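Worksheet for the structure shown next.
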Amino acid sequence: MSEVEHAPRVVQVRCAFCLTPNRVDLARAAQRPRCGKCQKPMLLDRPIKVDDEDFGDTVVGSEAPVLVDFHADWCQPCKILAPMVDEIAARNVGRLLVAKVDTDRAVRTAEAYGIRSVPTLMLFMNGEEAGRTIGIMPDEIRALVERAVG
Ligand SMILES: [Zn+2]
């Protein structure tokens, strides 16, 4: 293992059960970290929900790359894309955080990043946009993930 793989990758994610924000080191994801409040496992192998309130802390403030799925409930292509996004999260535990943003709820965030259609996937590295794909574009999405974890 290289030094890079041992480097801490601290992210703030909300517990899926009690919604308490937890700071988690993704480099230790294999040790199955638990929520500091309710002690239930932090679900790092699936996309986490982020809204206007925690986008800054969770996505912009992340030490790990974050892939953000901007989606909406009424959007059929978003539903088609969802299993691919789930799989990206499951395959890249500890290396990449996958977040989902409902653009009808997180209006401020969607506007701030100029999201004009959904689904839009955006990759953030060190708090800045490192690329985006619009629509169902499997090859482009794979390339985006490669950029983050390759
Ligand atoms: Zn909890």
Task: Listed residues Arg23, Arg108, Arg14, most fluctuating in the chain (Gaussian network, C-alpha, under 10 Å) - done: Arg108
TODO: Note the angle between two axes, namely the Cα long axis of helix 76-91 and the longest principal axis of the Cα atoms of the chain, as a number of degrees from 0 to 90, rounded to the nearest 10.
DONE: 20
- [ ] State the answer as a single residue: which of Val118, Ile48, Val60 lies farthest towards the positive end of the charge dipole of the chain, with beta carbon charges of +1 for Lys and Arg and -1 for Asp and Glu, about the Cα centre.
- [x] Ile48
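Would you mind working out the magnitude of the charge dipole of the stretch 3-149 relative to its Cα centre, with +1 at each Lys and Arg C-beta and -1 at each Asp and Glu C-beta, to the nearest 20 Debye? Before the final figure, lay out the partial values.
Details: 20 positive and 22 negative charges, 112 e Å.
That gives the stretch 3-149 a dipole magnitude of about 540 debye.
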Task: Max mean-square fluctuation residue, GNM over the chain, Cα-Cα springs under 10 Å, options Val68, Val118, Val13 - done: Val118
Open item on the list: For the chain, set up a GNM with springs between Cα atoms under 10 Å and report which of Asp54, Asp73, Asp25 has the largest fluctuation.
Closed with: Asp73
Task: Viscosity 1.306 mPa s, temperature 10 °C, Stokes-Einstein D of the chain from Kirkwood C-alpha radius, µm²/s - done: 103
Task: Using alpha-carbon coordinates, inclination of helix 138-149 to the longest axis of the chain, degrees - done: 30
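Over the stretch 13-150, what is the relative contact order in percent, taking alpha-carbon pairs closer than 8 angstrom and at least six residues apart? Kindly include the intermediate steps, with their values, before the conclusion.
Values: 234 pairs, mean separation 36.3, N = 138.
Value for the stretch 13-150: 26 percent.
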TODO: Within the stretch 33-124, list the chymotrypsin sites (Phe, Trp or Tyr not before Pro) lying in a DSSP loop whose Cβ has at most 11 other Cβ atoms in a 10 Å radius.
DONE: Trp74
Task: Equivalent-ellipsoid semi-axes of the stretch 56-117, from the Cα gyration tensor, Å, largest first - done: 20, 17, 7
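Throughout, read-outs are computed from the coordinates displayed, never taken from laboratory work. Values in this document were obtained by computation on a predicted structure and should not be read as measured data. Because the Cβ atoms are built from the backbone with ideal geometry, glycine has one as well, and the counts that use them run over all protein chains shown.
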